[in-house]
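To start, the structure itself, in structure tokens.
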Amino acid sequence: MATPTIDSAALTSGAFGPAAALSCRECGERYDLGPIFACAFCFGPLEVAYDFSGGVTREQIEAGPNSIWRYAPLLPVSADVASRPNLNPGFTKLVAARNLGRELGLKDLYVKDDSGNPTHSFKDRVVAIALEAARNFGFTTLSCSSTGNLAGAVGAAAARAGLRSCVFIPSDLEAGKVVTAAAYGGELVAIEGTYDEVNRFCSELIGDPVGEGWGFVNVNLRPYYGEGSKTLAYEIAEQLGWRLPEQIVIPIASGSQLTKIDKGFRELIKLGLVEDAPYKIFGAQAEGCSPVSAAWKAGHDVIRPVKPDTIAKSLAIGNPADGPYVLDVCKRTGGAVEDVDDTQVVDAIKLLARTEGIFGETAGGVTVGVLRKLVETGQLDPDATTVVLNTGDGLKTLDAIEGTTGATATIRPSLDAFRAAGLA
């Protein structure tokens, strides 16, 4: 595949902000910024390395817009990124979950509710960063392999930016996600197979002439895409009054979100924006797709791929790319990886809705279900400041709870009927 013409001026004029290079997470080999994602020496994944020698202050951040772009000095984007056509995601609510905390026995619990993003999932964050890289590298089509939420985020971001989009999904996704992804007018291609098979197809497409000019946000733009998850760490710390949570529960799909939140916390400490205090990171998976949890419980360093079978389809990645790094993070921070079955996922969705008025999608049911399990097994400190992530809107996964909830009663329009139903 021919590589798009990269504007060398863009690479040196601040288009990537403090980003200095790409660095291999395995061997440390460094590369110039570009649309590459794997090390040529050891095939390890690449991530963005920074030069933060200019520093950044809390006051500088707080003066920024109420979006992820308030953290532009910490991201691979230009200083004027907020003025460019994009969805301006982020700075979603951190909800003090007192009702849920009382029910679970946690004294200081918060829900980071990312369903408030433009397309109602955290994926708007990662796509926003990838979009800026795509512009700088001259890509004309924005694409991805997706379990649903990412497809919608890419379609919406491309529409706002005036780019073509073509996204690929497994053919058995929830109807709500298919409809919302298709609504933005791009091409939506359903593939008969699992997400891992969809992802392999996209990798083949990148290597073919038909993929020339295509920016796959979670493949050849993955180093930049992943940096969007750091903004969750930044926001949580700022919303807690510039301090880190002592415990945080994060869903695992590819595992990138969890590892990048850890990276964000470490950057805040390094820059002196928060106190260097210990924190524990806990990963959450659905039992029907829990290769990382299985490895954790077995004490293994290698992730054994599985074929997903769970209602939590947004987390249904059977061979998670960042799985080994998730194990490293949870081990280093003193956390753990746990899983819950589909029944527990549904119960947790309802629990979060009933206690806090937050209707989360199945991934939120996984994190809240795992949160409850961690409390019950004594793995969480009930007195510590704890954050649990809800990464998407329950309206996208109505199928998961359909048939388990509905009208309390159906009555005639009369007071007698109301009383007879035991509702008075």
The helix 123-136 Cα axis meets the longest alpha-carbon principal axis of the chain at an angle in degrees, between 0 and 90 and rounded to 10, of 10 degrees
At R0 = 35 Å the Cβ-Cβ FRET efficiency linking D32 and A298, nearest 0.05, sits at 0.30
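Among 281-294, 390-403, how do they line up by average Cβ neighbours within 10 Å per residue, starting with the highest? Before the final figure, lay out the partial values.
Working: 281-294: 25.2, 390-403: 20.9.
Packing order, densest peptide first, comes out as 281-294, 390-403.
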Most fluctuating of V302, V126, V388 in the GNM of the chain (C-alpha, under 10 Å) is V302
If the label point sits 7 Å along Cα→Cβ of L271, residues of segment 33-49 with amide N under 18 Å come out as 48-49
Ranked by GNM mean-square fluctuation in the chain (Cα springs under 10 Å), the top entry among A312, A384, A130 is A384
Between R102 and R200, Cβ-based FRET efficiency (R0 30 Å, step 0.05) works out to 0.05
Taking Cα atoms, the helix 230-239 axis meets the longest principal axis of the chain at an angle in degrees (rounded to 10) of 60 degrees
Rounded to the nearest 10 Å², the 1.4 Å probe accessible area of K297 is 120 Å²
Taking every other residue with Cβ under 13 Å from the Cβ of S293 and scoring Lys and Arg +1, Asp and Glu -1, one gets -1
If R0 = 51 Å, then R164 and I411, at their Cβ-Cβ distance, give a FRET efficiency to the nearest 0.05 of 0.45
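Between beta-carbons, use under 15 Å as the cut-off and find the net charge around D328, counting Lys and Arg +1, Asp and Glu -1. Kindly include the intermediate steps, with their values, before the conclusion.
Details: positive: R25, K260, K263, R266, K280, K331, R332; negative: E26, E47, D262, D301, D322.
In short, +2.
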The helix 342-356 Cα axis meets the longest alpha-carbon principal axis of the chain at an angle in degrees, between 0 and 90 and rounded to 10, of 80 degrees
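Just to make sure I understand: if all protein chains stay in place, what is the order of H300, H120 by accessible area at 1.4 Å, largest first?
H300, H120
Take every DSSP beta bridge with both residues inside the chain and express the antiparallel ones as a percent of the total, to the nearest 5.
Working: 14 of 47 bridges.
Antiparallel: roughly 30 percent of the beta bridges in the chain.
Per-residue counts of other Cβ atoms within 10 Å, averaged by peptide: what ranking do you get for 104-111, 374-381, highest first?
104-111, 374-381
Please give the per residue accessible area of the chain, computed with a probe of 1.4 Å over protein heavy atoms only, in Å².
Values: 17210 Å² over 424 residues.
I get 41 Å² per residue for the chain.
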Given 409-415, 269-275, the highest-first ranking by average Cβ count within 10 Å works out to 269-275, 409-415
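Rounded to the nearest 5, what % of the DSSP beta bridges within segment 49-182 are antiparallel ones?
Values: 3 of 8 bridges.
Antiparallel: roughly 40 percent of the beta bridges in segment 49-182.
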Rounded to the nearest 10 Å², the 1.4 Å probe accessible area of W296 is 70 Å²
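What is the percent carbon and sulfur in the accessible area of the chain, measuring with a 1.4 Å probe over the protein chains and ignoring ligands? Present the calculation step by step, with values, prior to reporting the outcome.
On the way: 8620 of 17210 Å².
Taking all protein chains in place, the chain shows 50 percent carbon and sulfur surface.
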The distance between the Cα centres of segment 136-199 and segment 276-313, in whole Å, is 25 Å
Semi-axes a, b, c in Å (a largest) for the chain, each sqrt of 5 times a Cα gyration tensor eigenvalue, come to 34, 25, 22
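Working with all protein chains in place, sort F168, F41 by solvent-accessible area computed with a 1.4 Å probe, largest first.
Working: F168 10, F41 145 Å².
Result of the area sort, largest leading: F41, F168.
Just to confirm the filter: which GluC sites (Glu not before Pro) across segment 202-244 are DSSP coil and have at most 14 other Cβ within 10 angstrom of their Cβ? Provide the component values of the computation, followed by the final result.
On the way: sites: E204, E212, E227, E235, E238; in loops: E212.
For GluC sites (Glu not before Pro) across segment 202-244 that sit outside H, G, I, E and B with at most 14 neighbouring Cβ atoms in 10 Å, the list reads E212.
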In the structure shown, of K307/K350; K307/K396; K107/K230; K260/K331; K93/K230; K112/K270, the pairs separated by more than 21 angstrom at the C-alpha atoms are K307/K350; K307/K396; K107/K230; K112/K270
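The values are calculated or read from the model by the stated rules, or taken from the named source; none is laboratory data. Computed from a predicted structure; not experimentally measured. Positions of Cβ are generated from backbone atoms using ideal geometry, with glycine treated the same way; all protein chains shown enter the neighbour counts. The area values use the complete protein model at the heavy-atom level, side chains included, leaving out ligands, DNA and RNA. Shrake-Rupley method; radii C 1.70, N 1.55, O 1.52, S 1.80 Å.
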